Amino acid sequence: MTKSLLIAIISLTLVQLVQAQTPHQPKNVQYRMSLKQFKAKYKMPLTAKDTLNFVYVNNDTMVIVKDYVRKPGTSIPYQYKDSTFLDVYKTIAFNHYKDSVSKKTTMKYWKDDIAIFFSNAVDKKVKKEFMAFAEKTLQHVDSLSIKEVKHVEDSNYVVYYNDGFEYESRISNYKKSDYYMHWNNKNQIYRLSLRLIKEDFFTPNLRLRELKKYFIKSLGHFEFNRNIDNKHFFSGSHDNDYQLSDFDTEIIKYHYSYGICKGTNLETFEDNHKKAKELLKNKQILLSFYHEFE
Amino acid sequence: MIYKKIVFLVTLLAFATSFSQSTDLKPLLKTDYTIKKNVDTLHVKYPLHANVTRDKTIKSKDTTALSFVKDFDLFKNNYFLRHYKSLIFKQDSSAIIYQWKEPIVVYFDHNIPQEITKNISQFILSIPEIDNLNITISKDINKANYYIKIANQEVSALTNKQKAEAPKDLIDTYPFSKIIYDWNGDYNYKMYSGVLQISPSYINDPQFLDDLKKVFFISLIQSKGYRVYDNTSILSSSNSNFSTLGAMDIVLLKYHYKNLYKFKVDYTVFSALENYYKQLAND
């Protein structure tokens, strides 16, 4: 393997803040990361020595990272997706504020499994059918599952109606059904409250359908896209009796695939794919993405 | 002189191009996605010599979504078209066409006096058969998707400020002064459920039954306007104590539901569809 190839492999994986020393790598390898990532991560001025050691790789300025210690985690090979898929995925996963498209918009995802609590007011039949739908939705998703819990303190996902106890004060005066979602600085969703206005959805069947709609959205703070054919759930039309199509399932599976960096903004997401695809095509290198354990 | 002619022709061409672009309906056609699994394989040298299989996403457009236009005779009935657009859009370019996409099943709350339930039921059931619009009445709320009830408190679509500022006769003739209607719909503005609420004090008002019927009719089309000058409509101010929809209303409903649009239709899109109809008619 040529030296330049080795630098490319090491540098590009560090750009993602993912790849570093492995037990099998030689000790004299220098670890580099892009200037942009370096500034974001270390928040300290560069020394003269740092700038002398700049290396340019694939139009990125790379900085040597001294004493780099990788946190425990795992490497996942890049999952290839074609541009047609990625273009439509981006419209769903990057939910832009007030529909104003921005490269800074981030994707959101659940890091931990969903522990769902239903308030007593939620109809048994609705609960049962909703759980069947939720479990079926997630059955092919590798890194996310759902279970019902009996105590609200054990939950990270609460479903309730407006005419009972208010579990989330921030939406207690909302006139319409909605959810309130909390995420951390890594864009990992860690708590959600879903509040249905019972008067608007006055039968169990109407409530069930509304819950299904919000549940799918809540898996990634997804945005529906009305340009997608109506037979798909993500079109927002639900003409297929609130069932997921194969395409819908693929979107959710991909959202929870770790073959790409998670929780990034749109710009980073596009850059990651561009670099991974270029390496795959031009040098037959399959990048890995390192995901730290929490 | 030649230079002026060229400028004129270029300007004309640019205008013609922009006009044809403004009537481009392709963006309305929805995209279907199908994923073909493992269509090819890439050989990878690093980190291990291995093969990576790739999927391919196939895009296709639903071209049938516009096939209704050539037979949409609303566009050749200029007189009625003007009335239709005036009522539905009321010269608001952002106004949207709403349609019920599911059969409507009406449920009356038990606390509505029986004679009122009976009167309104007869009115609803007198609506003739209309393609793509089905209305029935059920005594089981669990089967319903349209709930008519008396509100817990006085309700109005008007704000207090509007009530204070608007002329009294306008408020008195506004059907939503003491009745409100709220709907739930999808991303194409197709409705699947709704709730109509009546102010408790309004039940005994002589105007109540007329207004309730008007609101019910408007809830089927979600028009921006609520007045029609043709006296064969229940929305005409000259009509009262009506027991059925007027001839004008039925024609309007037939046109409104002749085709369930597969996409969002606002005034701009509706005008583009109208242009497309004319284009097809001239071809």
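Could you check residue A:293 against (1) among the hydrophobic types (A, V, I, L, M, F, W, C); (2) facing chain B (nearest Cβ under 9 Å); (3) open to solvent by 20 Å² or more (accessible area, probe 1.4 Å) and say which number it fails?
(2)
Given the conditions (1) closer than 12 Å to residue A:108 by Cβ; (2) within 14 Å of chain B (Cβ to nearest Cβ), and given that residue A:188 satisfies all but one, which numbered condition is not satisfied?
For residue A:188, the failing item is (2).
Please specify each residue of region B:230-283 satisfying the condition of being in a loop (DSSP other than H, G, I, E, B) and among the hydrophobic types (A, V, I, L, M, F, W, C).
The answer is B:234, B:235, B:242, B:245, B:260, B:263, B:265.
Can you tell me which residue is farthest from residue A:171 (Cα to Cα) among those in region A:120-159 that are of a type in the set (Gly, Ala, Ser) and either free of Cβ contacts under 8 Å to residues at least 24 places away in the same chain or open to solvent by 10 Å² or more (accessible area, probe 1.4 Å) (or both)?
The extreme case among them is A:143.
Starting from region A:180-205, take each residue that is within 25 Å of residue B:192 (Cα to Cα) and open to solvent by 10 Å² or more (accessible area, probe 1.4 Å) and list its partners that are among the basic types (Lys, Arg) and part of a strand (DSSP E or B), counting only C-beta distances under 8 angstrom and pairs at least six apart or across chains.
A:180/A:195
All but one of (1) buried (at least 18 other Cβ atoms within 10 Å of the Cβ); (2) hydrophobic (A, V, I, L, M, F, W, C); (3) under 28 Å from residue B:142 (Cα atoms) hold for residue A:171; state the number of the condition that does not hold.
Checking residue A:171 against (1) buried (at least 18 other Cβ atoms within 10 Å of the Cβ); (2) hydrophobic (A, V, I, L, M, F, W, C); (3) under 28 Å from residue B:142 (Cα atoms), the one that fails is (1).
Using beta carbons and a limit of 6 Å, which pairs, at least six apart or on different chains, have the first residue in region B:128-147 and within 14 Å of chain A (Cβ to nearest Cβ) and the second one surrounded by 15 or more Cβ atoms within 10 Å (Cβ to Cβ) and among the hydroxyl-bearing types (Ser, Thr, Tyr)?
Listed pairs, sorted by first residue: B:132/B:257; B:138/B:107; B:141/B:107; B:142/A:203; B:144/B:107; B:145/B:193; B:147/B:107.
Taking residue B:77, is it at pLDDT below 95, farther than 19 Å from residue B:220 by Cβ and surrounded by fewer than 13 Cβ atoms within 10 Å (Cβ to Cβ)?
Here the answer is no, as residue B:77 does not meet what is asked.
Of everything in region A:61-92 that's closer than 28 Å to residue A:256 by Cβ, in contact with a Ser or Thr (Cβ under 8 Å, 6 or more places away or on another chain) and free of Cβ contacts under 8 Å to residues at least 60 places away in the same chain, which residue is least open to solvent (accessible area, probe 1.4 Å)?
Looking at the filtered set, the residue picked out is A:82.
Would you mind listing the strands (runs of 3 or more DSSP E) fully within region A:48-142 where at least 3 residues are modelled with pLDDT of 95 or more?
So the answer is A:114-118.
Test of understanding: among B:201, B:233, B:223, which residue is out of contact with any strand residue (DSSP E or B) (no Cβ under 9 Å at 6 or more places or on another chain), hydroxyl-bearing (Ser, Thr, Tyr), open to solvent by less than 10 Å² (accessible area, probe 1.4 Å) and away from chain A (no Cβ under 14 Å)?
B:233
Checking residue A:239 against (1) open to solvent by 20 Å² or more (accessible area, probe 1.4 Å); (2) closer than 30 Å to residue B:143 by Cβ; (3) in contact (Cβ under 8 Å) with a residue 12 or more places away in the chain; (4) acidic (Asp, Glu), which single condition isn't satisfied?
(3)
Within region A:262-276, identify whether any single residue is within 13 Å of chain B (Cβ to nearest Cβ) and crowded, with 21+ Cβ neighbours inside 10 Å, and answer yes or no.
yes
The values are calculated or read from the model by the stated rules, or taken from the named source; none is laboratory data. Since this is a predicted model, take the numbers as computed values, not measurements. Every residue, glycine among them, receives a Cβ derived from its backbone with ideal geometry; neighbour counts consider all protein chains shown. When the accessible area is computed, the model is the full protein with side chains, heavy atoms only, and any ligands, DNA or RNA have been set aside. Shrake-Rupley method; radii C 1.70, N 1.55, O 1.52, S 1.80 Å.
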